[in-house]
Every structure is written in structure tokens, then in C-alpha cells.
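Encoded as C-alpha cells, the structure appears first; notes follow it.
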Amino acid sequence: MDTFTMYGVIFFGGIILFMAINSIVEFYKNEKQPMIKIDAVLVIKSTIKHSRDFNSYQLTFETNSKERLVFNVNSGNFSIYAEGDKGTLTYQGSRFISFRRAED
């Protein structure tokens with residue numbers, strides 16, 4: 001293996017290791033947070049295109065006190081809500097748990 005290839009493997013291995021450690025730290029940080037239920041409105045749905053085959057999704061909610069909370073969600077959660085939906089948001093730290101639309 002030449003030096004350039006070796007450095008490439010070390011570099012990308014380091015990135016993967018960093019991402020794994022970061023995910024584990026975030027998981028435990030969220031686990032220590034209380035689960036919060038709050039009235040909110042879905043104000044922004046965002047799709048972030050990373051590559052031709054990979055997107056990530058975000059939902060931005062606004063609480064009655066005008067605080068905005070942004071959550072990364074999977075495509076299933078992203079697709080079932082519409083901007084303007086009002087209801088009860090449940091979250092734990094930076095983790096989206098659920099959003100239950102209000103009965104009008």
C-alpha cells in the first residue's frame with residue numbers, strides 16, 4: 001500500500017470514528033434530558049440534498065413562546081406532516097419523539 005492510500009484510509013477511518021463517537025455522545029446526552037410535551041406549530045419542512053441518492057429531512061416547530069425547535073427526522077415522519085399543522089410536539093433533548101396534530 002502506498003503512502004497516499006494509507007493516509008486516505010487513516011483519514012476516512014478517523015472521520016467514521018469521529019461520527020460514531022459523536023452519535024454515541026448525543027444519544028446519552030438526550031437520554032439524560034426530560035421528555036417534553038409542548039403545543040407547537042410546524043413552520044418549516046426542509047429537505048437537505050447531500051448527494052444524488054441521499055437526502056436528510058428537518059422539521060422546524062414554533063412554540064407559543066415563539067421559540068423555534070429544529071429536528072432531524074426520517075422520511076416517514078417528514079412526509080406525514082404539513083407546514084401549518086398545529087398540535088403537541090414531544091421531544092427529548094435534540095431527539096424528535098412525535099407530533100400529534102390537534103383535533104380542530
Quiz item: For residues in the range 47-63 being farther than 20 Å from Phe27 by Cα and at pLDDT 95 or above, which is nearest to the chain's Cα centre (by Cα)?
Solution: Thr60
Quiz item: Can you name every residue in the range 46-104 that is among the acidic types (Asp, Glu) and part of a strand (DSSP E or B)?
Solution: Glu62
Quiz item: Hey, any hits in the range 68-82 for a residue that's closer than 17 Å to Lys37 by Cα, basic (Lys, Arg), surrounded by fewer than 11 Cβ atoms within 10 Å (Cβ to Cβ) and out of contact with any Lys or Arg (no Cβ under 9 Å at 6 or more places or on another chain)?
Solution: no
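The values are calculated or read from the model by the stated rules, or taken from the named source; none is laboratory data. All values reported here derive from a predicted model rather than from experimental measurement. No Cβ is skipped: glycine too gets one built from the backbone with ideal geometry, and neighbour counts run over all protein chains shown.
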